[in-house]
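In what follows, a structure is listed as C-alpha cells, so that the remarks can point back to it.
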Amino acid sequence: MTTAPPTSHTTRVSPSVEALDQQDRPYIWVNGELLPKSKAVVSVYDHGLLYGDGVFEGIRIYRGKIFKCQQHMDRLYRCAEAIRLKIPVPVKEMVEIQRRCIEANELTEGYIRLVITRGFGTLGLDPRRCPEPGVICIADQIRLFPAEAYEAGMRVIVANRPKTPVACLDPRIKSLNYLNNILAKCEAIDFGCDEVIMLNMEGFITEGSGDNIFTIKDGVLYTPPSDAGILEGVTRGFVARELAPALGYKCIEKNMRVEDVLTADEVFLTGTAAEIIGVSQIDRHDGKGTITQSTKVSPGEGPITKKLRQKFREIVTGNNVPEN
Ligand code: PMP
C-alpha cells in the first residue's frame, strides 16, 4: 500500500482519530478493496494517470437506486472495448461494486464515478505493458452548477476551440482524456461563466464541456446527432425518448449552426450531474479577450424546459426510479 497523502497542507493541529475517521469518507473501491478516502490511491505508473488511458462513467443515485444503471453499464463496456480495454470484472459484478459503495457510505442521493484505467504499467505508451486494468468506484456527492441557475438559466459562451474530430478520438468514447473539454471550459471561465457550447471542425454544434445540448423551436426539441461529435448522454436519451414524448413534444436530431441556437425559443443542457438546466444567454468571443456578441435566449428558464425539468425531478424523486 502507498502511504496516504496529507489531508491538508495547512492543518497545524492533528484532528482526533475519531474526527479523522469521520472526515476520511467516502469509502472508495480501488482494485478490489474498499478503502477510506485518504487511502484510496493509485500508482503513479497507472496509464490512466500517465496518459489518460482509460474510460469512466458518471452515474446518479436517486432514492438509493442507480439511475439508468443498465445504460451506463452498456456505455462503459462499449467505450472500454472501443479503446481495446477489457474490463476485468463482468457487468453484474460492476453493479455489485456500486451497490457496496452506496451501502458502505449510507447514500440515498449521490453520484457514482466509475473509472477504468489501463492499469499499472511501465513508462512508455505501450498498453501491452499493463497486464491488469484498474477499477475504481467513488460514490460521493456532486454539484455542478449553482442552484439558482436552474430557474435563472445559465449564461454560456461559444468556445473558439473546436471539438476533437470523430476520426481522431471519437467523443462518443467517454475516455479519461478530457483535455479538449477542459480547455474549452477554460474559455468559459475566462469570461465568468460555467459552461461552453463546442462546435466541430465543420462549425456544427456539438455539446457542452460535460453535457449535451438541446434547442426548442416552435414546440419541437432539436439536438445534434451523435456523429456531430458528442457523447451520447444517458440524460439526453432520457429526455429525447421518454420525457419529451411523455409531455407531448417531438425531438429531432439535427445538425445545427450557432445561428440556430441563437434564434431558438429555448436552449437547455442535459447531463448526469447537471440534470436539465436552461440557458438564458449565449455569448461569443474573439479569442483575444473580448465578447463580440451577446444574445438573450430567454428570460430565465424557458417554459418547456421547466416542464421537462419538473417531469425529470418527479421521476427521480418518485417511487420508481428507473435502473434500466
Ligand atoms: N457530454 C459530455 C462530454 C459529458 O462528459 C457528459 C457527462 N457524462 C455528457 C455529455 C452528458 O452525458 P450523461 O447524460 O450520460 O451524463
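Asn177 passes every criterion in (1) within 16 Å of Phe56 (Cα to Cα); (2) of a type outside the set (A, V, I, L, M); (3) open to solvent by less than 40 Å² (accessible area, probe 1.4 Å); (4) in a loop (DSSP other than H, G, I, E, B) apart from (3).
What are the residues in region 142-168 that are open to solvent by 70 Å² or more (accessible area, probe 1.4 Å) and either part of a loop (DSSP other than H, G, I, E, B) or touching a Leu at 6+ places or on another chain (Cβ under 9 Å) (or both), if any? Selection gives Arg143, Leu144, Glu148, Asn160, Arg161, Ala167, Cys168.
For region 282-323, the set of residues classified as surrounded by fewer than 15 Cβ atoms within 10 Å (Cβ to Cβ) and assigned to a helix (DSSP H, G or I) consists of Pro303, Gln310, Arg313, Glu314, listed by residue number. Taken as a whole, the condition of being in contact with an Asp or Glu (Cβ under 6 Å, 6 or more places away or on another chain), over 18 Å from Asp140 (Cα atoms) and of a type in the set (A, V, I, L, M, F, W, C) applies to Leu76. Does region 116-126 contain any residue that is surrounded by fewer than 19 Cβ atoms within 10 Å (Cβ to Cβ) and not in a loop (DSSP other than H, G, I, E, B)? No, every residue in region 116-126 fails to be surrounded by fewer than 19 Cβ atoms within 10 Å (Cβ to Cβ) and not in a loop (DSSP other than H, G, I, E, B). Restricting to region 263-281, and then to whatever is in a loop (DSSP other than H, G, I, E, B) and closer than 21 Å to Gly237 by Cβ, can you tell me which residue is nearest to the ligand (Cβ to nearest atom)? It comes out as Thr272.
Of Phe191, Phe214, which residue is of a type outside the set (Val, Ile, Thr), closer than 17 Å to Ala274 by Cα and either open to solvent by less than 10 Å² (accessible area, probe 1.4 Å) or more than 15 Å from the ligand (Cβ to nearest atom) (or both)? Talk me through it step by step, then tell me what you get.
Values: Phe191 fails: closer than 17 Å to Ala274 by Cα.
None of the others qualify; the one that does is Phe214.
Please determine, by comparing only the residues of region 219-262 that are of a type in the set (Lys, Arg) and part of a helix (DSSP H, G or I), which one is least open to solvent (accessible area, probe 1.4 Å). The selected residue is Arg236.
The values are calculated or read from the model by the stated rules, or taken from the named source; none is laboratory data. Everything numeric in this text was worked out from a predicted model, so none of it was measured. Neighbour counts are summed over all protein chains in view; Cβ atoms, including those assigned to glycine, are modelled from backbone coordinates with ideal geometry. Heads up: the accessible areas ignore ligands, DNA and RNA and are worked out on the full protein's heavy atoms, side chains in. Shrake-Rupley method; radii C 1.70, N 1.55, O 1.52, S 1.80 Å.
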